[in-house]
Amino acid sequence: DCTHALCNAHHLRELTRAWEQDDQKWALQIKKLLETINREVTDAGGVLNTEKSQKYRQKYRELIKQAEIECPDPPRPKGKKGRVKKSKSRNLLERLRDYEDDTLRFMDVGVPRRHALMCYVKCSHAVQKMRDGPSEPPCRWRLQTTVSCVG
């Protein structure tokens, strides 16, 4: 049985890019929030209590709503069919919005940092670490893999 969780190390890099290159203020706010949550989780021993978790989840949703205003869907050109090209920042925003549970899972589920068994890994850092051995996390962030076996 596997629980999905998105790689927040990658999110942090993408949020930094959106802030620095596209001047997306929402990206900096969400980045700071994820870093704050990560510190709280570490201080709490791996899992936040329900009250704190709900507080952070609500703050996350508020920032996503603000981001929707700052980085709206691009307008559909008249007479064009098919998908509309979106910016990297917009794609990131939609991923953070649509996969909220997977993004924030690290604060609610005690996913081990050094779990020896990985079901499926997209993060190349984690793949290399699996080859080398699970003694150290591949990145500084708590959750490196897109899917980790728990339970």
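Have a look at Asp73, Asp43 and point out the one that is surrounded by 11 or more Cβ atoms within 10 Å (Cβ to Cβ), at pLDDT below 95, of a type in the set (D, E, K, R) and over 19 Å from Leu12 (Cα atoms).
Asp73
Would you check if there is a residue in region 54-67 being exposed (fewer than 14 other Cβ atoms within 10 Å of the Cβ) and modelled with pLDDT under 90?
no
Among what's in region 49-92 and is touching a Pro at 6+ places or on another chain (Cβ under 9 Å) and outside any helix (DSSP H, G or I), pick the residue that is nearest to Leu28 (Cα to Cα).
Residue satisfying both the conditions and the ranking: Ser87.
Could you check Ser89 against (1) of a type in the set (Gly, Ala, Ser); (2) open to solvent by 60 Å² or more (accessible area, probe 1.4 Å); (3) modelled with pLDDT of 90 or more and say which number it fails?
(2)
Pairs please, first residue from region 95-107 and touching a residue at least 40 places away in the same chain (Cβ under 8 Å), second anywhere and outside any helix (DSSP H, G or I) and open to solvent by less than 70 Å² (accessible area, probe 1.4 Å), Cβ atoms under 6 Å, 6+ apart in sequence or on different chains.
Partner pairs satisfying both residue conditions: Tyr99/Leu6; Asp102/Ala5; Asp102/Leu6; Thr103/Leu6; Arg105/Ala5; Phe106/Arg142; Phe106/Leu143; Met107/Leu48.
Taking the criterion of being surrounded by 14 or more Cβ atoms within 10 Å (Cβ to Cβ) and β-branched (Val, Ile, Thr), would at least one residue in region 15-26 satisfy it?
Looking through region 15-26, none of the residues is surrounded by 14 or more Cβ atoms within 10 Å (Cβ to Cβ) and β-branched (Val, Ile, Thr).
Please determine, by comparing only the residues of region 76-85 that are at negative phi and open to solvent by 70 Å² or more (accessible area, probe 1.4 Å), which one is modelled with the highest pLDDT.
Lys85
Quick grid of which residues meet (1) under 16 Å from the mean Cα position of the chain (by Cα); (2) of a type in the set (S, T, N, Q):
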site	(1), (2)
Ala18	yes, no
Thr42	no, yes
Gly46	no, no
Lys59	yes, no
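Out of region 2-55, which residues are on the phi > 0 side of the Ramachandran plot and in contact (Cβ under 8 Å) with a residue 12 or more places away in the chain?
Matches in region 2-55: Gly46 only.
The values are calculated or read from the model by the stated rules, or taken from the named source; none is laboratory data. On a predicted model such as this, the values are computed, not experimentally measured, just so you know. Reconstructed Cβ throughout: ideal geometry from the backbone, glycine too, with neighbour counts over all protein chains shown. Just so you know, the surface numbers come from the protein's heavy atoms only, side chains and all, with ligands and any DNA or RNA stripped out. Shrake-Rupley method; radii C 1.70, N 1.55, O 1.52, S 1.80 Å.
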